[in-house]
Amino acid sequence: MAADAFVSQLNEQIGHEFAAHQQYVACAVYYDSETLPQLARFFYRQALEERDHAMMMVQYLLDADQPVQVPGVSAPQAEFADIVAPVSLALDQERRVSEQINALAAVARNEGDYTSEQFIQWFIKEQVEEVATMSDLLRVVERSRESPMDVETWMAREHSSAAGADPRPAGAGA
Ligand SMILES: [Fe+2]
Ligand SMILES: [Fe+2]
């Protein structure tokens with residue numbers, strides 16, 4: 001039985017994940033409009049991952065027979081000063097989400113809800129990776145400020161594809 005405190009905080013987190021999806025779509029569209037297709041592709045893919053995070057949380061609540069609130073989200077930032085700004089915003093966002101996920105783990109543990117604690121472990125690991133990925137990208141994009149094709153070449157080499165055995169998003173393979 002999932003703890004009520006965990007369930008309500010996880011419902012809030014679903015909103016944060018959908019907001020992250022929208023923000024990354026806005027970043028991708030910005031890069032696409034600047035004709036930086038590798039950066040655009042990276043952010044379109046990150047956006048899908050955020051949607052999957054939300055849907056993994058939805059599926060967990062469905063499996064646990066708990067209420068699910070599908071949230072509205074506020075408009076993302078869509079205008080950026082330069083090619084560095086979206087990545088810098090993304091890194092801030094990933095750091096914030098890491099804190100939110102850690103807080104969720106703390107609630108589960110404090111409530112003695114070991115099932116939810118185990119569920120949220122995957123996201124702790126995921127956040128370590130996402131913060132590291134964005135930190136790396138920020139360094140590269142900062143060096144490429146005057147020469148955007150450098151970061152495009154780096155993206156094409158370092159970020160071609162990714163997949164793994166992850167929790168199932170709601171609706172996947174349905
Ligand atoms: Fe996420
Ligand atoms: Fe993320």
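Just going by the charge dipole of the chain, with Lys and Arg at +1 and Asp and Glu at -1 on Cβ, which of TYR30, ASN102, GLN13 is farthest out on the positive end?
It is TYR30.
Angle between the Cα long axis of helix 148-158 and the longest principal axis of the chain, 0 to 90 degrees, nearest 10?
Once rounded, one gets 50 degrees.
Pick from MET134, MET56, MET149: which is most flexible by mean-square fluctuation in a GNM of the chain where alpha carbon atoms under 10 Å apart are linked?
Fluctuation is largest for MET149.
If you put +1 on each Lys and Arg Cβ and -1 on each Asp and Glu Cβ, how big is the dipole of the chain around its Cα centre, in Debye rounded to 20?
Using Cβ point charges on Lys, Arg, Asp and Glu, the chain gives about 200 debye.
Along the positive direction of the dipole of segment 15-174 (beta-carbon charges: Lys, Arg +1; Asp, Glu -1; about the Cα centre), which of GLN69, LEU89, GLY112 reaches farthest?
LEU89
Magnitude of the Cβ-charge dipole of segment 49-104, K/R +1 and D/E -1, about the Cα centre, nearest 20 debye?
So the dipole magnitude of segment 49-104 works out to roughly 120 debye.
Taking K and R as +1 and D and E as -1, what net charge do the other residues with C-beta under 12 Å from the C-beta of ILE83 add up to?
Value of the local net charge: -4.
Please express the Cα-Cα pair-distance distribution P(r) of segment 80-174 as a list of whole percents, one per 10 Å bin, running from 0 to the bin with the greatest distance.
14, 33, 30, 18, 5, 0
Mind ranking 93-99, 18-24, 142-148 by how tightly packed they are, going by the mean number of other C-beta atoms within 10 angstrom, highest first?
Ranking the peptides 93-99, 18-24, 142-148 by packing returns 18-24, 93-99, 142-148.
Can you tell me the orientation of helix 4-33 relative to the chain, as the angle in degrees between its alpha-carbon axis and the longest Cα principal axis, to the nearest 10?
20 degrees
Any idea what the dipole of segment 83-129 comes to, in debye rounded to 20, about its Cα centre with Lys/Arg Cβ at +1 and Asp/Glu Cβ at -1?
80 debye
What is the distance, in nm, between label points placed 7 Å from the Cα along the Cα-to-Cβ direction at ILE124 and at THR153?
4.1 nm
Taking the Cα centre of each part, how many Å lie between segment 82-108 and segment 31-73?
Using only Cα atoms to place each centre, the spacing works out to 14 Å.
Please express the shape of segment 1-84 as an equivalent ellipsoid: the semi-axes are the square roots of 5 times the eigenvalues of the C-alpha gyration tensor, given largest first in whole angstrom.
Those come to 31, 12, 8 Å.
Return the ratio Rg/(2.2 N^0.38 Å) for the chain, where Rg is computed over Cα atoms only.
Against the compact-globule rule of thumb, the ratio is 1.09.
In the chain, with Lys and Arg counted as +1 and Asp and Glu as -1 at Cβ, which of these residues, GLN46, TYR60, VAL141, has the Cα nearest the positive end of the dipole, that is, farthest along it?
Ranked along the dipole, the leading option is VAL141.
Throughout, read-outs are computed from the coordinates displayed, never taken from laboratory work. These numbers come from a predicted model, not from an experiment. Reconstructed Cβ throughout: ideal geometry from the backbone, glycine too, with neighbour counts over all protein chains shown.
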